[in-house]
Amino acid sequence: MTQLDGIVKPKTRRSKRFLESRAPKLIEDVKNTMIMKGGNASQTVTTALKDIEFFSKKSDCSLFLFGSHNKKRPHNFIFGRMFDFHVLDMFELGIEKFISLSQIKTSKFPEGTKPMLIFAGEVFDTDNEYKRLKSLLIDFYRGPTVPAVRLAGLEHVLHFTALEGKIYMRSYRCLLKKSGCRTPRIELEEIGPSFDFVMRRTHLASDDLYKLAHRQPKALKPKKKKNISHDVFGTSFGRVHMQKQDLSKLKTRKMKGLRKRKGEVVKEDQEPKVAKVES
C-alpha cells in the first residue's frame, strides 16, 4: 500500500479488501474487545481478566480493557473505547472485592449468550461521568444485534449498581420455574464473577467529538411519515383527513322492529279506543 497526500492506495487485491473492511459502513460490525495485562498484574487482576475474557473475543477491536497492579493503584482496570482509531473514553476502576466464576459452584450458561443489562442508581441518569460509563458498559456487554430472542434464551443478567461512589457488578442466571399459568416464574441465581469497583480516574471525550461519534448516516435515518405519531410505549397513531359529510343522506340499515304499523297510527283529534271491561 502507498500513501499519497494522506490517502492510502492499495497495490494488491488483498490490501484492497483489507482497506474496504476497515472503511466506514452504514451498518458497523459487531464491537469486539481487546484485553491486555500489564507488566505488573496481581493474581486478582489476572483471574478477573480471564473471567471477563469469557464474554469477549479478540479481533479488530474498538473496545479495550487493560489490567495492572501497583502500590499506588492496586488491582486496577482501565475500560476504554475507540472512535476512528482514536481513544474516545477511558475509565479507571479499582477492584475492592472480587469473587471469580470458579468460586461460585453453580451451573453456568452457554458461551455467547446475549445478556440482559440492568443499571440501578440515580447517578447513571444524572451524573455525566456515570452516563458515559453506562454507555461504555453497554458497548462492552451488549453482544451482537439480533432481530428476536426466544424466551428460553434470556438466561443471563448483568446487574450494575452505583451507590455511594462504588459500582457493584453482579452476574445472574435466570431460572424459569413453573407458576401454574402460561407465564413462568423467574428466579435469579448468582453465578459470578462478582465485582466491587471504585472509580479512580476518567478521560472523557469532548461534547463535540462525542456527538460526532453518535452521528447516524442519513441513509439509516427513518423517513418521517406525515400524520403518524407514536406514544411512549411505541403505539402508532394515524390522522386521517376527510371532507365534511352530509349525515341527512346517510343510508342506514333498515330493521323490521323499527317500522311503524298501520294499526298504531292515531290522529290528533281522535281519542284512542279503550277496551270495555265487564264487571
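Observations
- For ILE191, the residues whose amide H sits under 5 Å from its own are SER171, TYR172, ARG173, ignoring neighbours fewer than 5 places away on the same chain, with H placed 1.01 Å from N.
- Formal net charge of residues neighbouring GLU189 (Cβ-Cβ distance under 14 Å; K, R +1; D, E -1): +3
- Taking each of LYS225/LYS251; LYS105/LYS177; LYS134/LYS224; LYS97/LYS178 in turn, the alpha-carbon distance tops 26 angstrom for LYS225/LYS251; LYS134/LYS224; LYS97/LYS178.
- Solvent exposure of region 28-214 amounts to 58 Å² per residue of accessible area, where only protein heavy atoms count and the probe is 1.4 Å.
- Coordinate range along principal axes, alpha carbons of region 28-214, Å, largest first: 53, 38, 35
- Estimated inter-spin distance, THR106 and THR12, nm [label 7 Å along Cα→Cβ]: 5.1
- Note on LEU204 and MET82: their simple-model spin labels are 2.4 nm apart, each label 7 Å out from Cα toward Cβ.
- Distance in nm between pseudo-label sites at GLU187 and MET116 (7 Å out along the Cβ direction from Cα): 1.6
The values are calculated or read from the model by the stated rules, or taken from the named source; none is laboratory data. Source: prediction; values computed, not measured. As a convention, Cβ positions derive from the backbone with ideal geometry for all residues, glycine included, and neighbour counts pool all protein chains shown. All accessible areas refer to the heavy atoms of the entire protein, side chains included, with ligands and DNA or RNA removed. Shrake-Rupley method; radii C 1.70, N 1.55, O 1.52, S 1.80 Å.
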